[in-house]
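Colleague: Take a look at the following structure, please.
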Amino acid sequence: MSAATVIALLIPFTAGAAQAESHRLIAQEFSLVGAGDLQSVIWADKLPQLQASRNALQRAAPSAHLKSIAQVWTATFSGNGRSYVVSAINDGCESSSAAENALICPVRIAEVVGGKVQVVADTTLPISSVRGNAGYDASSNANSQYMTIASFDPVSRAISFTDVSAGQKTALSVRVNLR
């Protein structure tokens with residue numbers, strides 16, 4: 001078999017392996033007590049503040065019986081022995097009356113290689129979501145009219161974002177270039 005034939009056979013495989021991926025940022029909760037959860041590792045420096053805020057809220061509303069949790073929107077991209085996790089935390093977010101289903105929240109991108117987690121980017125991002133049964137929780141994910149989509153391009157090694165509001169998609173200017 002000639003070298004040209006081998007290269008021609010391999011091109012579709014390498015092209016397919018380098019295609020961009022897109023995922024919706026999914027709302028989920030994570031525990032503020034205990035260790036080991038990926039989200040608690042990503043936000044480790046904020047855990048004491050998050051726990052203190054949750055305790056203060058519980059003292060203000062003792063009959064509420066609040067769980068010791070935080071809420072995030074997250075998506076994961078995996079390949080070549082590494083994963084990139086996008087994590088936007090529902091803490092310190094800014095809102096606007098002009099866009100009732102949008103919050104501007106702190107976002108971290110973490111790289112996970114061999115079980116080791118390293119935060120590689122720290123920014124803010126507009127998050128579109130609808131409040132669920134208990135805040136921005138798993139029930140928020142049922143709404144597809146308001147969401148944020150992350151896209152990872154393995155060729156440029158960049159993560160970009162798209163806003164979906166009232167069903168209309170708009171590319172956001174936030175782009176994270178990974179090393």
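The values are calculated or read from the model by the stated rules, or taken from the named source; none is laboratory data. Since this is a predicted model, take the numbers as computed values, not measurements. All Cβ positions, even for glycine, are placed from backbone atoms using ideal geometry, and neighbour counts span all protein chains on display. For accessibility, only protein heavy atoms count, side chains too; no ligands or nucleic acids. Shrake-Rupley method; radii C 1.70, N 1.55, O 1.52, S 1.80 Å.
Colleague: Taking R0 as 30 Å, what FRET efficiency do you get between Glu94 and Glu21 from their Cβ-Cβ distance, rounded to the nearest 0.05? If you can, show how the numbers build up before the last one.
Modeller: Details: r = 29 Å, r/R0 = 0.96.
Approximately 0.55, to the nearest 0.05.
Colleague: Can you work out the accessible area per residue across the chain, with the rest of the protein chains kept in place, probe 1.4 Å, in square angstrom?
Modeller: Dividing the accessible area of the chain by its residue count gives 55 Å².
Colleague: Could you give log10 I(q)/I(0) at q = 0.10, 0.18, 0.20 Å⁻¹ for the chain, computed by the Debye formula over C-alpha point scatterers of equal weight, without solvent?
Modeller: Each listed q maps to, in turn, -0.45, -1.21, -1.41.
Colleague: Taking the square root of 5 times each eigenvalue of the Cα gyration tensor, what semi-axes in Å does the equivalent ellipsoid of region 78-126 have, largest first?
Modeller: 29, 10, 7
Colleague: What is the extension gain from Asp37 to Gln49, computed as 0.36 nm multiplied by their sequence separation minus the C-alpha to C-alpha distance, in nm to one decimal?
Modeller: Gain on stretching Asp37 to Gln49: 2.6 nm.
Colleague: Further question on the same structure: Projected area of region 20-122, taken from the Cα convex hull and averaged over every viewing direction, in nm²?
Modeller: Its Cα hull, projected and averaged over all orientations, spans 8.0 nm².
Colleague: May I ask you to rank Val72, Val120 by accessible area, largest first, using a 1.4 Å probe over the protein chains only?
Modeller: Val120, Val72
Colleague: Would you mind telling me which residue in Gln39, Gln51, Gln28 has the biggest mean-square fluctuation in a Gaussian network model of the chain, where springs connect alpha carbons within a distance under 10 angstrom?
Modeller: Comparing Gln39, Gln51, Gln28 in the GNM, the peak value goes to Gln51.
Colleague: Quick one, can you get me the convex hull of the C-alpha atoms of region 65-158 expressed as volume per residue in Å³?
Modeller: In region 65-158, the Cα hull volume divided by residue count equals 132 Å³.
Colleague: How far, in degrees from 0 to 90, does helix 3-17 lean away from the longest principal axis of the Cα atoms of the chain, to the nearest 10?
Modeller: Around 10 degrees separate the two axes.
Colleague: Springs between alpha-carbon atoms under 10 Å, Gaussian network over the chain: tell me which of Glu29, Glu100, Glu21 tops the mean-square fluctuations.
Modeller: Glu100
Colleague: Starting from the Cα of Thr170, step 7 Å along the direction of its Cβ; do the same at Ala56; then give the gap between the two resulting points in nm.
Modeller: The answer from the label model is 3.2 nm.
Colleague: Which distance in nm do the two modelled labels at Ala158 and Ser83 give, with both placed 7 Å along the Cα-to-Cβ direction?
Modeller: Each label point is offset 7 Å from its Cα along the Cβ direction, giving 2.6 nm.
Colleague: Rounded to two decimal places and with Rh computed the Kirkwood way over Cα pairs, what is Rg over Rh for region 111-179?
Modeller: Here Rg/Rh amounts to 1.04.
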